[in-house]
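Below is one structure, written out as structure tokens, with a few remarks after it.
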Amino acid sequence: MLPILKVDNLSKTYHDMDGSVTAVLDVSFEVKDKEFISIVGPSGCGKSTILSILSNLETKSSGKITFSKENCLLGYMLQKDSLFPWRTILDNCLIGLEINGKLNAKSKQRVINLLNAYGLKDFIDKYPDSLSGGMRQRVALIRTLAIDPDILLLDEPFSALDYQTRLALSDDVYKIIKQEGKTAIMVTHDLAEAISLSDRIIVLTKRPSCVKKIYDIKLTDKSTPIHNRQCKEFSIYYDKIWRDLDVHL
Amino acid sequence: MSIYNSEHEKFLKKRKRDKRIICFFQIAIIVVFLIGWELLARTKLINTFLTSSPSNVIMTIIKLHSTHELYNHIFVTVYETFLSFSIATIIGLVVATILWWFPKLAKILDPYLTIINSLPKVALGPLIIIWVGASINSIIFMALLISTIITIINIYNGFMATESNFITLLKSFKALKRQIFFKAVVPSNRLTFVNCLKINISMSLIGVIMGELLVSKQGLGYLIMYGSQVFNIDLVISSVFILGLVSYIMYYVISLIEKKLINK
Ligand SMILES: Nc1ncnc2c1ncn2[C@@H]1O[C@H](COP(=O)(O)OP(=O)(O)OP(=O)(O)O)[C@@H](O)[C@H]1O
Ligand SMILES: [Mg+2]
């Protein structure tokens, strides 16, 4: 199958008054349609930078990014939910459509259906301050899905949550992404999360970060993320990736 | 359930009592002050020629009221304040928006804004009278000078302090600058606007009174100035009292607007 996204020799150098920092150096990878990919790497290695470049929030220094189809739409779920406190949950979810001029009765109904389907039915007309952290994150995901993107970019979507909410929500999010048939690229610090959710994991080195290794995650009995944590290959992957990350304190 | 209720009742009772105590002392302070003042004046312990007295003030106000002259003065001051308040708010909004839109321009103008803002504008009073003439125009000009710059600076700072995550989010949807402005910057600055209106109304009033003290033939500032020139302290204190009342009412109107704006 043709990859939906191909990144070749991507590099990014930030410049400021004190000098330059090369965050990303010669990173290449491919993403297939409907694949779930995780990017892991040491703190500050340039993971967010890669997502920002893909979604055009940052410019690249060099390299090539190719999408298989023209006008490939990307949805970026940022680390902070950034829900607007003055908008209701529904209006928050509609903001992407508003901006792209695609808000109409049909697209609005689609968003309402998404909210209904994913446990936010009673909160549609509420304001964000009445929601728990896990719910806010779910709203942020639906806001991203509202524009019907071809590829979802997720930057540490669960990092602000407590452990239990995090486990439960990662199950939810996985389910939502699979049901909506989306391709996803997720950045995370949490190896267990990456292994339990992903089809493939890209391990980055320290800054300037390049690709250290790419793992095809093959689990026997693969099902939901929580369940995947019990697969026998899980700890083997965990060990290997942990060693790749080469963490020294 | 019953325990909860009785406890809740106790809580409510305490709340009510606290409220009453506070209210009592608030009234007591003003009553004691007025009675004390009146007594000192009656017993000639203070010189009413210099300090006036509550009864004198009331008499003066009644006299002003009966000649209808009072309302003319109040009207002039309120009118001038409202005019400069509106103009300052509009200029402030427009200029702050332009500065937000063109960051380079903001950087270029930054030192000038700071200097003008820190300059005590009263110092320009005589100059304004020479340039604009001793008329209502120079009063408005004075008030504008005082209120506009601070409005620009406050609103611009509010705009710049817009949560950067909100802007990044909109940019991730490929929002235009105009969309970022109207969908994130403006709504997240509702509080800034209200605070600005509050500061602005006070500043405009200060400017107007200052202008009236300097040049005018009408208005509460003129009344105060005139009173002091003919050494009619009763008139001066009555005017100050009315001015306080007027400014409180203006502030109250703004806080009504605030309530409207803050309710989502
Ligand atoms: N706008 C910027 N200007 C200058 N340097 C930047 C900028 N953004 C990021 N950097 C630098 O680039 C490097 C990579 O940043 P990035 O945020 O991509 O890392 P990350 O892997 O997402 O980190 P974390 O794990 O902490 O989220 C960091 O060292 C950071 O200091
Ligand atoms: Mg990051």
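The numbers here are math on the coordinates, done by the rules we state, and not lab data. Computed from a predicted structure; not experimentally measured. Cβ: placed from backbone, ideal geometry, glycine included. Neighbour counts: every protein chain shown.
Observations on the structure shown:
- Calculated mean residue ellipticity, 222 nm, chain A: -10000 deg cm²/dmol, from DSSP H runs (n ≥ 4) at -39500 (n - 2.57) each, averaged per residue and rounded to 500.
- Ordering B:196, B:220, B:254 by the projection of their Cα atoms onto the charge dipole of the protein assembly as shown, which places +1 on the Cβ of Lys and Arg and -1 on the Cβ of Asp and Glu, puts B:254 at the extreme positive end.
- Folded to 0 to 90 degrees: helix A:89-99 orientation relative to chain A principal axis, Cα: 70
- Across A:12/A:175; A:108/B:198; A:106/B:183, pairs whose alpha-carbon gap is larger than 28 Å: A:12/A:175; A:108/B:198
- Membrane-span-like helices of chain B, defined as complete DSSP H segments with a Cα extent of 20 Å or more along the helix axis and a mean Kyte hydropathy of at least 1.0, are identified as B:69-101, B:136-160, B:190-215, B:233-262.
- In this calculation the C-beta distance from residue B:62 to residue B:108 is compared with R0 = 60 Å, giving a FRET efficiency of 0.60.
- Modelled spin-label separation between residue B:186 and residue B:134, with each label point placed 7 Å from Cα along the Cα-to-Cβ direction: 4.5 nm.
- Axis angle, to the nearest 10 degrees, between helix A:133-145 and the longest C-alpha principal axis of chain A: 90 degrees.
- In sequence order, the stretch A:205-219 has phi-based couplings of 8, 4, 5, x, 8, 10, 6, 8, 7, 10, 9, 8, 8, 10, 10 Hz under the Karplus curve 6.51 cos²θ - 1.76 cosθ + 1.60, θ = phi - 60°, and Gly or Pro positions carry x.
- Within 10 Å of each Cβ in B:160-170, the average number of Cβ atoms from other chains: 4
- Per-residue Cβ neighbour rank within 10 angstrom, fewest leading, B:193, B:24: B:24, B:193
- For chain B, the mean residue ellipticity at 222 nm estimated from helices alone is -28000 deg cm²/dmol, where every DSSP H run of n ≥ 4 contributes -39500 (n - 2.57) and the total is divided by all residues, rounded to the nearest 500.
- Under 16 Å from a label point set 7 Å out along the Cα-to-Cβ vector of residue A:100, the amide N atoms of the stretch A:25-62 belong to A:55-57.
- In this simple spin-label approximation, residue B:101 and residue B:160 carry label points 7 Å from Cα along the Cα→Cβ vector, and these lie 1.9 nm apart.
- Comparing Cα centroids, the stretch A:176-249 and the stretch A:127-141 end up 26 angstrom apart.
- Distant-in-sequence amide H partners of residue A:183 (H built 1.01 Å from N, under 5 Å): A:34, A:152
- Proximal charge balance of residue B:166 [Cβ under 12 Å; K/R count +1, D/E count -1]: +2
- For residue A:209, residues with placed amide H under 5 Å, excluding near neighbours: A:24, A:25
- Between 0 and 90 degrees, the angle of helix A:163-179 with respect to the longest Cα principal axis of chain A falls at about 80 degrees.
- Nitroxide proxy distance, nm - points 7 Å out along Cα→Cβ at residue A:13 and residue B:198: 5.1
- The antiparallel fraction among DSSP beta bridges confined to the protein assembly as shown stands at about 55%.
- Per-q log10 I(q)/I(0), the protein assembly as shown, q = 0.09 Å⁻¹ (Debye; single scatterer per alpha-carbon; no solvent): -0.84
- Ranked B:220, A:115, A:103, criterion: other C-beta atoms within 10 Å, fewest first: A:103, A:115, B:220
- Note on residue A:126: aspartates and glutamates with a C-alpha under 17 Å away, same-chain residues under 8 apart excluded, are A:81, A:91.
- Tail beyond 17 Å, pair distance distribution of the stretch A:73-149 (Cα, percent): 35
- Net charge of neighbours whose Cβ lies under 13 Å from the Cβ of residue A:233, counting Lys and Arg as +1 and Asp and Glu as -1: +2
- Cα lying deepest toward the dipole's positive end in the stretch B:112-264, options B:170, B:135, B:237, charges on Cβ: B:170
- Electrostatic dipole magnitude of chain B [Cβ: Lys, Arg +1; Asp, Glu -1; Cα centre; debye, to 20]: 1200
- Taking every alpha-carbon pair within the stretch B:29-143, the share separated by more than 26 Å comes to 54 percent.
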